[in-house]
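The values are calculated or read from the model by the stated rules, or taken from the named source; none is laboratory data. Keep in mind that this is a model prediction, so the values were computed, not measured. Virtual Cβ from ideal backbone geometry, glycine too; neighbours counted across all protein chains shown.
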Amino acid sequence: MSRLGTESAFDVLARARALEQQGRSVIHLEIGEPDFPTPAHVIEAGKRALDEGWTKYGSPQGMLDLREAIAAYISKTRSINVDPACVCVVPGGKPIMYFTMTALIEEGDEVIYPNPGFPIYESLIRFLGAVPVPIPMVESRGFSFDLDLFRDRLSPRTKLVVLTSPQNPTGGITPAEDVARIAEMLRDRDLMVLSDEIYTRIVYEGEAKSIASFPGMLEKTILLDGFSKTYSMTGWRLGYGVMPKWLAAAVSQLMVNSNSCTASFTQRAGLAALLGPQDCVTAMVAEFRRRRDVIWKGLNEIPGFRCALPAGAFYAFPNVTGTGMSSKQLADLLLNEAGVACLDGAAFGQYGDGYLRFSYANSLANIEEALERIRTVSRRWASGVTTGVRAGRDNQEA
Ligand SMILES: Cc1ncc(COP(=O)(O)O)c(C=O)c1O
């Protein structure tokens, strides 16, 4: 247990709630879940499923008609040919990480993963006794890898490579030509790729290309996706992985040993989400884009902050080294003095130090109020800000 990590967003949420209980006002920009309700037709499908008796055990791998719909959806959106036998439906995106890593990794294996990145990757790598090989996400490259460094870090012991695009916490998208080069580097190696594509529909600039679409890659890729972010269904617990059949068998066995199956009525709601109208997704992304533009502009106006334009997901990740304060001090100050909850970038790995993560899954009015509050407290550090061309250091140099 001592090797298992956590997700600090939940800790910050608890601290923010404690302040609220003392009567303080806090704007929540720490939690990574869409603030929109689950679309009405999906809720209806879930209710109907309960009435129709979808309240029993089902297949550990997931219902066949849902797996068929997922296979058709992934085949279409990633331009590949997915067999429903390669789809595993599980309670959320996270279990795909947990189960596939448990199935694949032996002690001493090396695992390459993005840093800063979703903290659960590193937590599981350490838990399984593997060797974490973090690769910095480079701010000046739109938060994607330095590909020369990536090549250098590959070794005969590399068993798994984790990719995320659009990315949490940076909002970066790996350019298609980089994904192509990564595929070339990995194609002939004896390893697997975990491609976390949970934010793939939340894109503002360019396209998030899946590594599974490149020749020879589908058979060595676990494509992780789900309903949490796209359909605002975080609490329903519904996600899936597309993977080779031999690995799907292992994941099903782990499901039998843990959850038995994913909740049946939840799967019926997921089917309605996938097959029903998609204008709810379009409207959500349009609203996120409006907020992104406001928060990006506003953060760049704060003394000592420098924020790259997020290309996807719903996170802004400003470099705050120009303030002269550590990102941890600053996150604490913003929570305690300004009533704005955000996360220290270091919570996503050592290369996230010097950055803050703001989730803009909150109303435009609240985002504007948060920016105003940050501007007000910025007087504390504004006099010490270096007014050079690039005040802060980039994470490459960290
Ligand atoms: C990159 C990434 N992958 C996966 C997940 C987990 O999704 P789920 O809630 O479906 O388990 C998250 C949630 O924050 C995430 O940010």
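Is one or more of the residues making up the stretch 90-108 touching a helix residue (DSSP H, G or I) at 6+ places or on another chain (Cβ under 9 Å), small (Gly, Ala, Ser) and within 29 Å of MET137 (Cβ to Cβ)? Please lay out each step first, then the result.
As a first pass, look at the stretch 90-108 and keep what is touching a helix residue (DSSP H, G or I) at 6+ places or on another chain (Cβ under 9 Å): 90-92, 94-105.
When the remaining residues are screened for being small (Gly, Ala, Ser), the result is 92, 103.
Those still in the list that are within 29 Å of MET137 (Cβ to Cβ) too: 92, 103.
Yes - at least one qualifying residue is present in the stretch 90-108.
Just one of (1) in contact (Cβ under 8 Å) with a residue 40 or more places away in the chain; (2) farther than 28 Å from GLY5 by Cα trips up ALA338, so point out which.
Answer for ALA338: the failing condition is (1).
On the given criteria, is LEU330 assigned to a loop (DSSP other than H, G, I, E, B), modelled with pLDDT of 95 or more and either under 24 Å from GLU33 (Cα atoms) or hydrophobic (A, V, I, L, M, F, W, C) (or both)?
no
I'd like the residue in the stretch 146-162 that is within 16 Å of the ligand (Cβ to nearest atom) and either of a type in the set (Val, Ile, Thr) or assigned to a loop (DSSP other than H, G, I, E, B) (or both) and, out of all such residues, is surrounded by the fewest Cβ atoms within 10 Å (Cβ to Cβ). Before the answer, list the steps.
Of all residues in the stretch 146-162, those within 16 Å of the ligand (Cβ to nearest atom) come to 160-162.
When the remaining residues are screened for being either of a type in the set (Val, Ile, Thr) or assigned to a loop (DSSP other than H, G, I, E, B) (or both), the result is 161-162.
Working: VAL161: 27, VAL162: 24.
Only one residue tops the list, namely VAL162.
Kindly check whether there is at least one residue in the stretch 80-88 that is within 16 Å of the ligand (Cβ to nearest atom) and touching a strand residue (DSSP E or B) at 6+ places or on another chain (Cβ under 9 Å). Let's see the steps before the verdict.
Going through the stretch 80-88, the residues within 16 Å of the ligand (Cβ to nearest atom) turn out to be 87-88.
Retained after the next criterion (residues that are touching a strand residue (DSSP E or B) at 6+ places or on another chain (Cβ under 9 Å)): 87-88.
Yes, the stretch 80-88 contains at least one residue that is within 16 Å of the ligand (Cβ to nearest atom) and touching a strand residue (DSSP E or B) at 6+ places or on another chain (Cβ under 9 Å).
Return a yes/no flag: does the stretch 267-284 have any residue that is within 16 Å of the ligand (Cβ to nearest atom) and either surrounded by fewer than 15 Cβ atoms within 10 Å (Cβ to Cβ) or more than 21 Å from THR77 (Cα to Cα) (or both).
No, because not a single residue in the stretch 267-284 is within 16 Å of the ligand (Cβ to nearest atom) and either surrounded by fewer than 15 Cβ atoms within 10 Å (Cβ to Cβ) or more than 21 Å from THR77 (Cα to Cα) (or both).
Pairs only if they're at least six apart or on different chains, beta carbon under 6 angstrom, first in the stretch 4-16 and under 14 Å from ASP344 (Cβ atoms), second in a helix (DSSP H, G or I) and modelled with pLDDT of 90 or more; list them, first residue then second.
Between residues of the stretch 4-16 that are under 14 Å from ASP344 (Cβ atoms) and residues that are in a helix (DSSP H, G or I) and modelled with pLDDT of 90 or more, the close pairs are GLU7/PRO119; SER8/ALA347.
Exactly one condition in (1) touching a Ser or Thr at 6+ places or on another chain (Cβ under 6 Å); (2) surrounded by fewer than 22 Cβ atoms within 10 Å (Cβ to Cβ) is false for PRO134; which is it?
(1)
Testing THR387 on (1) surrounded by fewer than 23 Cβ atoms within 10 Å (Cβ to Cβ); (2) at pLDDT 95 or above; (3) farther than 24 Å from ILE202 by Cβ, one condition comes back false. Which one is that?
(2)
Looking at (1) farther than 23 Å from ALA249 by Cβ; (2) under 23 Å from the mean Cα position of the chain (by Cα); (3) of a type in the set (D, E, K, R), which is the only condition ARG67 fails?
For ARG67, the failing item is (1).
Do the conditions hold for PRO114, that is, is it under 17 Å from THR6 (Cα atoms) and at pLDDT 95 or above? Lay out the reasoning, then the answer.
Numbers: under 17 Å from THR6 (Cα atoms): yes; at pLDDT 95 or above: yes.
Criteria met by PRO114.
Return the residue satisfying two criteria in turn: it lies in the stretch 98-137 and is of a type in the set (D, E, K, R) and in a helix (DSSP H, G or I), and of such residues it is farthest from PHE348 (Cα to Cα). Give the steps one after another, and end with the answer.
Applying the first criterion (of a type in the set (D, E, K, R)) to the stretch 98-137 yields 106-107, 109-110, 122, 126.
Cutting the leftovers down to in a helix (DSSP H, G or I) gives us 122, 126.
Details: GLU122: 9, ARG126: 15 Å.
Step by step, filter the stretch 98-137, then rank; the result is ARG126.
List pairs: first in the stretch 218-239 and free of Cβ contacts under 8 Å to residues at least 40 places away in the same chain and on the phi > 0 side of the Ramachandran plot, second among the β-branched types (Val, Ile, Thr) and more than 8 Å from the ligand (Cβ to nearest atom), Cβ under 9 Å, 6+ apart or cross-chain?
none
Quick check on this structure: which one of VAL320, VAL294 is in contact (Cβ under 8 Å) with a residue 12 or more places away in the chain, more than 18 Å from GLY352 (Cα to Cα) and out of contact with any His (no Cβ under 6 Å at 6 or more places or on another chain)? Can you show your working first?
Working: VAL320 fails: more than 18 Å from GLY352 (Cα to Cα).
Selected residue: VAL294, the only one of VAL320, VAL294 that is in contact (Cβ under 8 Å) with a residue 12 or more places away in the chain, more than 18 Å from GLY352 (Cα to Cα) and out of contact with any His (no Cβ under 6 Å at 6 or more places or on another chain).
From the list PRO132, PRO119, PRO136, which residue is modelled with pLDDT of 95 or more and either within 16 Å of the ligand (Cβ to nearest atom) or of a type in the set (Phe, Trp, Tyr) (or both)? Full working, then the answer.
Numbers: PRO132 fails: either within 16 Å of the ligand (Cβ to nearest atom) or of a type in the set (Phe, Trp, Tyr) (or both); PRO136 fails: either within 16 Å of the ligand (Cβ to nearest atom) or of a type in the set (Phe, Trp, Tyr) (or both).
Selected residue: PRO119, the only one of PRO132, PRO119, PRO136 that is modelled with pLDDT of 95 or more and either within 16 Å of the ligand (Cβ to nearest atom) or of a type in the set (Phe, Trp, Tyr) (or both).
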